Every structure is written in structure tokens, then in C-alpha cells.
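Report on the following structure.
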Amino acid sequence: MIKKWYAAGFGLALCSPTFAQSLADGTCSIPASIVTKIQNQLATVVASPDANGGIFKPNRMWSAVVDRSGKLCSVIKIYDAWPGSRAIAIAKAGTANDFSNSGLALSTANLYAPTQPGGSLYGLNNSNPFNPDFLAPGSGANNFVGGIITFGGGVALYQGGQVIGGLGVSGDSSCADHAIAYRMRHNAGFDTIPAGVGPGGTDNIDYAPAGKAPAGFQQPHCFPTDITP
């Protein structure tokens, strides 16, 4: 069962799939139907027979969507996902959105190597801190929550050649998180990216060879079960 929370009036309440509508009717610029379509992919993808290469089967996930301005549109969870992964999912969505545009898509997995010490983007993780006011479950809707995460699990959302926002997931290995976000975006139909630094000119994860430090836009493997979606 997917738990969906939203801030309404003076408190928090459980809600049906109209959750996305309650956010999009505020200040999130992504239409509610699109937010719902994206988030509805979570239950199917975490039940993939290959477990997305992760630790859990099915995967236990938080999933977050932000709009192009960085405002939080939706955050949901499925199964007993780690509480700390809520903030990470939001930050991944924001990071992918923040560093993708109409010319190039960068997933959070692509940012791993360049943000390591000595890398060309070292220090990026300190640029847009997560707002601790929005750590509590149910908080942050229609706000700029912030946060930068530079390992797998965040992808930009594209429509008509333009970035409309970001999707971030967290709750398993970062490699599995990437596979889940990548598959969710594809299944929802918002993956027509202009170009990427990953395999085949995509923003897919590019694993560093075993025993070698990640270079370029690579990320290290998490487990032998890792997949490239």
C-alpha cells in the first residue's frame, strides 16, 4: 500500500490518488494529471522481477516530484521505506532538475565522479542545502525544499524538449534507486532527453570498471546484482 501525505488546513491527512491534485492546484506548475501519472509508476516498478538490482524485493521507496522552479509537487512512499530516504528522494528530484536543461540531461548518478575531491564539480553538494524545516513527514508541499544529492536516484522530467521538473527516489542502493527512477520516467513517457553523458548519449548510469575509481561521469557499482535499466 502506498502512503500519500499532504498538508491541508491545520494538519496532515491520508488521502487517495487526488493527492497530486491538492498540490498542483497550489503552486506546483506541473499539471496534477502528470504528477499522478509519474507517481503511479512506483508500485509497478518496485515489483519488477529483477528487483531493480537492489536489496529489497519488492523495493521499499520514497518517490518525489519537483517542478521546474524546484517546488515540491508530491512525495509518496511504498512499503516500509527508510524514514531518512524521504529527504534524499526530494533532494535527488531537485538536483536532477537543477542541473538539466534543454541541451543536456544529467541524472544524479552522472554527478557522482565530478563531485568527488579533485573533480571539476567538487563542492557542488554544498551549493543548495536542504531546508531542515521540511524534514518532517507531510511538510514541504509547494515549497522550495532544496538539497543536493550526487549519487543515483534522480532524473529530470522532459516534455516537448524542455525540462518540466525532476523525479527522485530513495530507499535501496543508489544503483537500484537509479534504475527505479529511470524506469518510472520511461513508463510515464517523460524521458525524451536532448542528450546525455551516459551510455549511448543518455543520462543512464555509467558504472566504473571494477577496481577503478569513477572518472568522467561514472558512478561505482553498489552490488553484483546492479543493473543498467
Checklist line | Extreme residue, positive dipole direction of the chain, given options 159, 195, 214 (C-beta unit charges) | finding: 159
Notebook entry, point to check: Per the helix-only calculation at 222 nm, which mean residue ellipticity applies to the chain, given -39500 (n - 2.57) for every DSSP H run of n ≥ 4 and division by its residues, nearest 500 deg cm²/dmol?
Noted result: -6000 deg cm²/dmol
Note to self: Using a 7 Å offset from the Cα along the Cα-to-Cβ direction at both residue 122 and residue 80, what is the distance between the two label points in nm, to one decimal?
What the structure shows: 4.1
Next item on the list: With an 8 Å cut-off on Cα pairs and a minimum separation of 6 or more residues, tell me the relative contact order of region 66-177 in percent.
Entry: 40
Checklist line | Value of D in µm² per second that Stokes-Einstein yields for region 135-213, Kirkwood Rh from Cα pairs, at 25 °C (0.890 mPa s) | finding: 174
Next item on the list: Using the Kyte-Doolittle scale, find the helices of the chain whose mean hydropathy is at least 1.6 and whose Cα atoms extend 18 Å or more along the helix's long axis, counting only whole DSSP H runs.
Entry: none
Check: How many percent of the alpha carbon pairs in region 46-131 exceed a separation of 17 Å?
Finding: 58
Check: Using θ = phi - 60° and the Karplus curve 6.51 cos²θ - 1.76 cosθ + 1.60, what whole-Hz ³J(HN,Hα) does each residue of region 64-70 get, with Gly and Pro shown as x?
Finding: 10, 10, 10, 8, 5, 7, x
Margin query: Suppose all protein chains stay in the model; what accessible area per residue would a 1.4 Å probe give for region 32-164, in Å²?
Written below: 38
Next item on the list: Kindly provide log₁₀ I(q)/I(0) values, in the same order as q = 0.12, 0.15, 0.17 Å⁻¹, from the Debye equation applied to equal alpha-carbon scatterers of the chain.
Entry: -0.56, -0.89, -1.16
Next item on the list: Compare 110, 142, 59 in a GNM of the chain, Cα atoms joined below 10 Å, and give the one with the largest fluctuation.
Entry: 142
Margin query: Within region 30-79, what whole-number % of the accessible surface is contributed by carbon and sulfur, with the 1.4 Å probe and all protein chains included in the calculation?
Written below: 55
Checklist line | Value of Rg/Rh across region 27-79 [Cα atoms, Kirkwood radius] | finding: 1.05
Notebook entry, point to check: Pulled fully out, how much extra length does the chain show between residue 104 and residue 187, if you take 0.36 nm times their separation in residues and subtract their Cα-Cα distance?
Noted result: 27.8 nm
Check: Hey, what did the chain get for relative contact order, percent, Cα under 8 Å, at least 6 apart?
Finding: 23
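So what is the diffusion coefficient of region 72-203 in µm² per second by Stokes-Einstein at 37 °C and 0.692 mPa s, using a Kirkwood Rh over Cα pairs?
On the way: Rh = 14.7 Å.
Stokes-Einstein gives a translational diffusion coefficient of 224 µm²/s.
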Note to self: Compute a Gaussian network model of the chain, connecting alpha carbons closer than 10 Å, and tell me which residue from 211, 160, 171 fluctuates the most.
What the structure shows: 211
Notebook entry, point to check: Just 41, 159, 219 to compare: in a GNM of the chain, with alpha carbon springs under 10 Å, which one fluctuates most?
Noted result: 159
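The values are calculated or read from the model by the stated rules, or taken from the named source; none is laboratory data. These figures come from a predicted structure and were not determined experimentally. For neighbour counting, all protein chains shown are included, and Cβ atoms are generated from backbone atoms with ideal geometry for every residue, glycine included. Note: accessible area is taken over every heavy atom of the protein model, side chains too, but ligands, DNA and RNA are not part of it. Shrake-Rupley method; radii C 1.70, N 1.55, O 1.52, S 1.80 Å.
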